2 protein chains.
Amino acid sequence: MTATDLTALLDLPPRETVARHGIRDVILYALGVGVTREGATSKEVLRFAYEKDLQVLPTMATVLASPGFWMRQPEYGIDWQRVLHAEQSTRLHNPIPVEGELISRLYVEEVFDKGPAKGAILYSRREIHCKTSGLHIATDRRATFLRGDGGRGGRTEGQPVARSLPERPCDVTLALRTRQDQALIYRLSGDYNPLHADPEVARSGGFERPILHGLCTYGVAGRALLTGLCDGDPSRLTRMDCRFSAPVYPGETIVTEIWREGAGTAAFRATALERGITVLDRGYAEHA
Amino acid sequence: MTATDLTALLDLPPRETVARHGIRDVILYALGVGVTREGATSKEVLRFAYEKDLQVLPTMATVLASPGFWMRQPEYGIDWQRVLHAEQSTRLHNPIPVEGELISRLYVEEVFDKGPAKGAILYSRREIHCKTSGLHIATDRRATFLRGDGGRGGRTEGQPVARSLPERPCDVTLALRTRQDQALIYRLSGDYNPLHADPEVARSGGFERPILHGLCTYGVAGRALLTGLCDGDPSRLTRMDCRFSAPVYPGETIVTEIWREGAGTAAFRATALERGITVLDRGYAEHA
């Protein structure tokens, strides 16, 4: 399929994934994004990492009923070794159950061509439902930068523009430390890319050591949004969008700056404190 | 059954447990006993917490195909709220596979009565085999102190005496730090006793905060034996016995002292460094 037009992907049937999860998975995800006795409050630990009165972090939608690294499948004809997760949007329609069977359906929504030298941007959407009740849990939308697939078709204009951040100082700043082994725990939630565990693979990818998963950084920032906007109540965070602008190294401190914008919306950005680098940019959140 | 003779337990049929495990479980166990970028060498992390060339820590036998807290089942008639894990012996007959289906059979081997005021000691044995090949993997023997079941029958003499430690200074000392959240990770390997996670339950049990699982401490000491006696090679550690003498608090440093005794045997003891308290006593190991 490599020679064909990328827009053919829009016509593929949705990719379905069914998966069960339970409290062990829910706690493991929470530990993976730093809900531990060293990196979180005692209240957070008891809420998200202990089965009595357990609740699920909203950002866990990104790993539930996951199709895995689907772009590697031959039917998509994507130069998968050169893809980058560029943007993430998660909308929560209902709280995630602590256990159950979920089904997700993945759609390729749009492809934008930036030309042979630059690549293409692929927008995909995953709708996640409870398999038994049919309850709609979440919508997971992603933009993926296909660096090796430019000039293979797709729209050349009209790409959505991410919101920019307010010019004024932010209203809330939260610093959350990650740990040296954050990626080792996080990857057990399903993304076993060796880039996050193997020093050799990391070096050959141009990094001094294994980097944190972008979606782990996203989960840490999600905890900051919960604390800063929702008094820790996971049912109140209903949307979280951002761009991935640089990787975090495990052990760094992620500082999330939040601008309250009224009417249940907010802007945010996250920075790796030790290097002063923006890691999540143009963040947007909705909350109750 | 509470009124009957405890020796009736010897005649119960073996309790069978079948369970699958895979690389995620193997890595999670290793993280649970401290094989992380903060508490272990890079070599240990790549060997036990990363799926490429993954190997299994020998002490993981204690949680594989586990019957759970079987003493709580009514057919045993045990005052389960007053039991204490007193001694552990693990013998490895073959390396533990990184994935597969195991079957374990649990036998009550012997009961010793210490009188109504003191309680009883129950010896149990679990034989673990590969379900498909039949290969014998491990023998897990435990002594459990039944504080509420004294005077209910059982032998009154002949209880095995644990070896004592050499008088001379030890040959190797290894200090391994545990983390504040060590118990939170370890419990995902199957022992969800709230004593190890819930501050309130810990306080009502007489502890200032949640304590580490005895078998987690055992796993940390097992890593020390691997390093000190087996050059890190898990297939070379074939036996590890000890008494549990006091709990560790997560965050403390476990110092393992090892005496080489020649002919592939060794003695060991583990201490919680910060409080200077012996936590594993009268340890005995066999290695190749």
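The values are calculated or read from the model by the stated rules, or taken from the named source; none is laboratory data. Here the structure is a predicted model, which means the values were calculated and not measured. Note that we place each Cβ from the backbone using ideal geometry, even for glycine, and neighbour counts take in every protein chain shown. The area values use the complete protein model at the heavy-atom level, side chains included, leaving out ligands, DNA and RNA. Shrake-Rupley method; radii C 1.70, N 1.55, O 1.52, S 1.80 Å.
Summing Cβ point charges (Lys, Arg +1; Asp, Glu -1) relative to the Cα centre of chain B gives a dipole of roughly 160 debye. List the GluC sites (Glu not before Pro) within region A:90-192 that fall in a DSSP loop (any state other than H, G, I, E or B) and whose Cβ has at most 16 other Cβ atoms within 10 Å. Of the GluC sites (Glu not before Pro), the ones in loops of region A:90-192 whose Cβ has at most 16 other Cβ atoms within 10 Å are A:Glu99, A:Glu157, A:Glu167. Residues of region A:140-175 with an amide N closer than 15 Å to a point placed 7 Å from the Cα of A:Thr7 along the Cα-to-Cβ direction: A:151-159.
Close amide H partners of B:Val279, meaning residues 5 or more places away or on another chain with modelled amide H under 5 Å apart, are B:Ala270, B:Thr271, B:Ala272. Annotation note: trypsin sites (Lys or Arg not before Pro) in region B:143-177 located in DSSP loop regions with a Cβ neighbour count of at most 16 within 10 Å are B:Arg147, B:Arg163. Can you bin region B:6-146 into rounded, prolate or oblate? Criterion: square roots of the alpha carbon gyration tensor eigenvalues sorted a ≥ b ≥ c, rounded for a/c under 1.5, prolate for a/b above b/c, oblate for the rest. It comes out prolate by the Cα gyration axes. Here is how far apart the A:Leu84 label points are across copies: 5.9 nm, shortest first, using a point 7 Å from Cα toward Cβ. Per-residue packing, averaged as other Cβ atoms within 10 Å, sorts the ranges B:81-92, B:14-25 into the order B:81-92, B:14-25, beginning with the highest.
Given the DSSP H assignment, sum -39500 (n - 2.57) over each helix run of at least 4 residues in the protein assembly as shown and divide by its residue total; what's the result at 222 nm in deg cm²/dmol, nearest 500?
Per the formula, -4500 deg cm²/dmol.
Placing +1 on the Cβ of every Lys and Arg and -1 on the Cβ of every Asp and Glu, with no other charges, gives region B:172-287 a dipole of roughly 80 debye about its Cα centre. Projecting the Cα atoms of B:Thr139, B:Gln182, B:Ser204 onto the charge dipole of region B:114-211 (Cβ charges, centred on the Cα centre) puts B:Thr139 farthest toward the positive pole. Label-to-label distances for B:Ser204 across copies, nearest first, come out at 5.5 nm, using points 7 Å from Cα in the beta-carbon direction.
In a reduced charge model with +1 at each Lys and Arg Cβ and -1 at each Asp and Glu Cβ, the protein assembly as shown shows a dipole moment near 300 debye about its Cα centre.
Taken as Cα centroids, region B:27-53 and region B:99-136 sit 28 Å apart, rounded to the nearest whole angstrom. For region A:194-279, the list of GluC sites (Glu not before Pro) that fall in a loop by DSSP and count at most 14 other C-beta atoms within 10 angstrom reads A:Glu208, A:Glu274.
Defining a contact as two alpha carbons under 8 Å apart and six or more residues distant in sequence, what relative contact order in percent does region B:172-287 show?
Computed over region B:172-287, the figure is 28 percent.
The value of relative contact order for region A:6-146, using C-alpha pairs under 8 Å at least six residues apart, is 29 percent.
A label point on A:Val161, set 7 Å along the Cα-to-Cβ line, lies at 8.6 nm from each of its counterparts in the other copies, closest listed first. Hey, if you put +1 on the Cβ of every Lys and Arg and -1 on every Asp and Glu Cβ in region B:6-146, which of B:Leu92, B:Thr17, B:Val108 ends up farthest toward the positive end of that dipole? Among B:Leu92, B:Thr17, B:Val108, the one farthest towards the positive end of the dipole of region B:6-146 is B:Leu92. Rounded to whole numbers, the Karplus 3J(HN,Hα) couplings from phi for region A:248-254 are 9, 8, x, x, 6, 9, 9 Hz, using 6.51 cos²θ - 1.76 cosθ + 1.60 with θ = phi - 60°, and x at Gly and Pro. Solvent exposure of chain B amounts to 42 Å² per residue of accessible area, where only protein heavy atoms count and the probe is 1.4 Å. Mean separation of Cα pairs under 8 Å and 6 or more residues apart, divided by the residue count, gives chain B a relative contact order of 19 percent. Electrostatic tally near B:Val98: other residues with Cβ closer than 13 Å to its Cβ, Lys and Arg +1, Asp and Glu -1, net -1. The heavy atoms of A:Trp80 present about 80 square angstrom of accessible area, all protein chains included, probe 1.4 Å.
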